[in-house]
Amino acid sequence: MNLAMANPRSTLHALQPLGLGTPDVESLLSYFCRLAVSHSVSLLSLAQFVVDTQEHLLRSNFKWHERNLSGMGESAETWACTLSALTGVGYLDQLTLVKWRPVVAQKGLAAQSGRWCPDCFADDHASGRPRYFRLGWDVGVVGVCHKHHTPLIDTCSECGRKHARHKANYVMPGWCSHCGASLAARTVPTGADSDAISLEKLWIARQIGLLMTTHDERAIPVTLEPLLDAIRVIINRLDAGKSAHFARRIGLSKGALHYWLKENKVPTLDAGLRIAAHSNLELSKLLAGNLEDWEPPTLAKQLMLDLFTEGAEKREPPRMLDWDVIRTEMQRIVCQQKVISLAESARQLGVDERMLYLRANKESRTISARWRDCQKRERQMKQAVIRIQLEEACRAIVAEGYAINLRELEMRVPREILDSVESIFDVIREIKRTLKLD
């Protein structure tokens, strides 16, 4: 049992994510850059290696630099899963915004350029930890640092070039990718920055920071229905159920609000922030649909009656995954005589294959290693049987007085067998040497 569950060696260095579970959590892009530095290779070389070794998860034409690795798209989740499989480090999806994908629209989410807080880099240097990019810096609505109350910048103070954070083939977080200068220096004094910052920007930065602190595998996944239900309750409490009045209150068009509520569509992050601000509610609680202990900032103008609820459609509660049970079941799969792939294991468990790498990394890599070894043995056995058939065919060709070549083999060996031979011409040359015909 202990031998079967031995943790397989990771292909890449098992770097630990920085700031996990805090508002200063590292972004997946930063983790990827640090991983390239750890292996002393370029980002392009490491990306190509990842794509080549994980072709069952990534397409061969996957362009990592054209995707938002720290966002909430499918590519972010797949890249996090792939790096977890290669490093043996789970929970790398926490370095992205994937968790909030069901309740936040991707439109307008990402920042237009790579920004940073010089004071955060200075803190990294002073504390002796590696410099890294914060996930919150890649969210478009965030314009200031929640900790230092200073604006985020995107221009190197030394060379004056924009996009200096990671737009290069070799990137060391915290240093300009153009001139190599430290990004911990500011071009404007801190006091001058602070004077121009509004309380609204600070509140937004703090709300986004609170979103980054969630790191609990037993938490119920967020879904769209509780969020929309919470918005309806807020509209009822604040504006007596009049969505047009509520839209005017938060500064959005009533058509957009009607579209989200009636068509069950995902609101934008800007809309979520506006609703949270006007309802005196934390953004994280709003997105989770949690109105427990919530009181509106103003009293309702009329008594709200709970009408027309008998015919309301009852929704199934969101599925909550017990990862302790799943890991135990995966250990049973490892110990069973029949070897199955991780994809089949995920199908039997009813879980996304990528989530297995992220939440049960050791068990996932053990199952994958057993499957690869089994496939390798089967290929070797199959090639050995085919080799015997080819040798018999070659002996028959020689006995008939012909030269051994592919054309003669095609006349004596079924096509499906020849197509399954790896490096057929090398095999023919090896058989010739075995039969001493060269």
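Think of it as helices only: each DSSP H run of n ≥ 4 in the chain is worth -39500 (n - 2.57), and spread over all residues that comes to -14500 deg cm²/dmol at 222 nm. Residues LEU281, LEU202, arranged from fewest to most other Cβ atoms within 10 angstrom of their Cβ, appear as LEU202, LEU281. In this Cβ point-charge picture (+1 for Lys and Arg, -1 for Asp and Glu), the chain has a dipole of about 460 debye about its Cα centre. Hydrodynamic estimate: the Kirkwood radius of the chain over Cα pairs, inserted into Stokes-Einstein at 10 °C and 1.306 mPa s, corresponds to D of 61 µm²/s. Scan region 344-438 for GluC sites (Glu not before Pro) in coil per DSSP, keeping those whose Cβ has at most 16 other Cβ atoms within 10 Å, and list them by number. Filter output for region 344-438: GLU400, GLU422. Computed from phi, the 3J(HN,Hα) profile of region 79-94 under the Karplus parametrisation 6.51, -1.76, 1.60 (θ = phi - 60°) reads 5, 4, 5, 5, 5, 5, 5, 8, 9, x, 9, x, 6, 6, 5, 5 Hz, with x in place of Gly and Pro.
Within the same chain, lysines fewer than 8 places from LYS382 are excluded, and of the rest, those with a Cα less than 20 Å from its Cα are LYS338. For VAL139, nonlocal amide neighbours, meaning residues 5 or more places apart or on other chains whose placed amide H falls under 5 Å from its own, are ALA111. Please report how far the C-alpha centroid of region 79-109 lies from that of region 332-411, rounded to the nearest whole angstrom. Using only Cα atoms, the two centres lie 32 Å from each other.
Here region 224-287 is described by how far its Cα atoms reach on the three principal axes: 25, 23, 19 Å, from widest to narrowest. Using only side-chain charges placed at the Cβ, +1 for Lys and Arg and -1 for Asp and Glu, the dipole size of region 228-277 relative to its Cα centre rounds to 160 debye. Counting only aspartates and glutamates at least 8 places from LYS107 when in the same chain, those with an alpha carbon closer than 18 Å to its own are GLU66, GLU74, GLU77, ASP138, GLU263, ASP270.
When the chain is described by a simple charge dipole with +1 on each Lys and Arg Cβ and -1 on each Asp and Glu Cβ, the residue from ILE428, SER345, HIS166 located farthest towards its positive end is ILE428.
The equivalent ellipsoid of region 11-53 has semi-axes of 22, 10, 9 Å, largest first, where each one is the square root of 5 times an eigenvalue of the Cα gyration tensor. Highest mean packing comes first when the peptides 364-373, 284-293 are listed by Cβ atoms within 10 Å, giving 364-373, 284-293. Listed from fewest to most Cβ neighbours within 10 Å, the set ASP24, ASP352 follows the order ASP352, ASP24. Annotation: amide H of TRP175 within the under-5 Å range of LEU183, sequence separation 5 or more or interchain, hydrogens built in the peptide plane. Residues TRP294, TRP260 in ascending order of nearby Cβ atoms (within 10 Å, fewest first): TRP294, TRP260.
Set Lys and Arg Cβ to +1 and Asp and Glu Cβ to -1, take the dipole of the chain about its Cα centre, and tell me which of SER198, ALA244, LEU286 lies farthest positive. Farthest towards the positive end: SER198. An ellipsoid equivalent to region 333-438, defined through the eigenvalues of its Cα gyration tensor, has semi-axes of 43, 12, 11 Å when rounded to whole angstrom and sorted largest first. Taking amide hydrogens as placed 1.01 Å from N in the peptide plane, the amide H of VAL144 sits under 5 Å from those of LEU152, each at least 5 positions away in sequence or on another chain.
Only the coordinates and a few stated rules stand behind these numbers; no lab work does. Just so we're clear, the structure is a prediction, and the values are computed from it rather than from any experiment. FYI the Cβ positions are ideal-geometry reconstructions off the backbone, even for glycines, and counts take in every protein chain you see.
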